[in-house]
Amino acid sequence: MSDSFSITDDEVDDYYEKLKKEAEAYGYHLNRDVEFTKDLLRSILINKGRYGYGACPCRLASGRREEDLDIICPCDYRDPDLSDYDACYCGLYVSGAILRGEKKLKSIPERRPSPEDRKKIKNAIKSEAGVISSLPLPVWRCKVCGYLCAREEPPEICPICKVGRERFERFI
């Protein structure tokens, strides 16, 4: 693959070690196929260089952060995929059962809505934003891990999965 973003093996190794440590600290597991995993991480790093954010290497990024927030690794679909299929769509994150060899990786269907459906969902959320709540503060939900908090603005970084505030949505 020819790309103007040159990623060194040391950069990939550093990213792998950092992500593995973070994943394990929060109850997640990286795929035990280290070569496969590092290839995915190299692609995420290339996407960071290309777009300014680490889009999932197994999905087509638009190059517009706002449109791709749901597929920035860890993507919004990681946890549901782990629950339903024991691995995320690209196979970077796996369940304990797969890690231990009790289950095998299998094909995972794409759960990301089509661009048209994402637009409909976004418009529906906007129309619901006008609903007035009796709560004194809005409730924010992390779209990656589901963390909820009631405060004026979402936290800068999710205390659970460490994604940025742009990955939060107003829940209530």
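The values are calculated or read from the model by the stated rules, or taken from the named source; none is laboratory data. Keep in mind that what you see is a predicted model, and the values were worked out from it rather than measured. Quick reminder, even Gly has a Cβ in these numbers, built from the backbone with ideal geometry, and neighbours come from all protein chains shown.
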Neighbours by Cβ (under 7 Å, 6+ apart or cross-chain): first from segment 15-33, over 20 Å from Ile46 (Cβ atoms); second assigned to a helix (DSSP H, G or I): His29/Ala23; His29/Gly96; His29/Leu99; Arg32/Leu99
Which one of these does Leu137 not meet: (1) touching a residue at least 24 places away in the same chain (Cβ under 8 Å); (2) more than 17 Å from the chain's Cα centre (by Cα)? (1)
One residue is enough: does segment 46-66 have a residue meeting the conditions under 21 Å from Pro159 (Cα atoms), of a type in the set (Phe, Trp, Tyr) and at pLDDT 95 or above? yes
Can you find even one residue in segment 112-135 that is modelled with pLDDT of 90 or more, surrounded by 11 or more Cβ atoms within 10 Å (Cβ to Cβ) and part of a loop (DSSP other than H, G, I, E, B)? yes
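Can you name every residue in segment 34-65 that is charged (D, E, K, R) and over 14 Å from the mean Cα position of the chain (by Cα)?
Those that are charged (D, E, K, R) and over 14 Å from the mean Cα position of the chain (by Cα): Glu35, Lys38, Asp39, Arg42, Arg50, Arg64.
When you scan segment 92-106, do you find a residue that is at pLDDT 90 or above, of a type in the set (A, V, I, L, M), within 25 Å of Asp33 (Cα to Cα) and out of contact with any Asp or Glu (no Cβ under 9 Å at 6 or more places or on another chain), even just one?
yes
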If we keep only residues of segment 81-95 that are of a type in the set (A, V, I, L, M) and not in a loop (DSSP other than H, G, I, E, B), then the residue surrounded by the fewest Cβ atoms within 10 Å (Cβ to Cβ) is Leu82
So, Ile121, is that one more than 29 Å from Asn31 (Cα to Cα), under 21 Å from the mean Cα position of the chain (by Cα) and among the β-branched types (Val, Ile, Thr) or not? yes
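Quick grid of which residues meet (1) in contact with a helix residue (DSSP H, G or I) (Cβ under 9 Å, 6 or more places away or on another chain); (2) assigned to a loop (DSSP other than H, G, I, E, B):
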{"position": "Thr37", "(1), (2)": "yes, no"}
{"position": "Pro57", "(1), (2)": "yes, yes"}
{"position": "Ser62", "(1), (2)": "yes, yes"}
{"position": "Ala97", "(1), (2)": "no, no"}
{"position": "Glu110", "(1), (2)": "no, yes"}
Inspect all residues belonging to segment 149-163 and state whether any of them is on the phi > 0 side of the Ramachandran plot, part of a loop (DSSP other than H, G, I, E, B), among the charged types (D, E, K, R) and surrounded by 12 or more Cβ atoms within 10 Å (Cβ to Cβ). yes
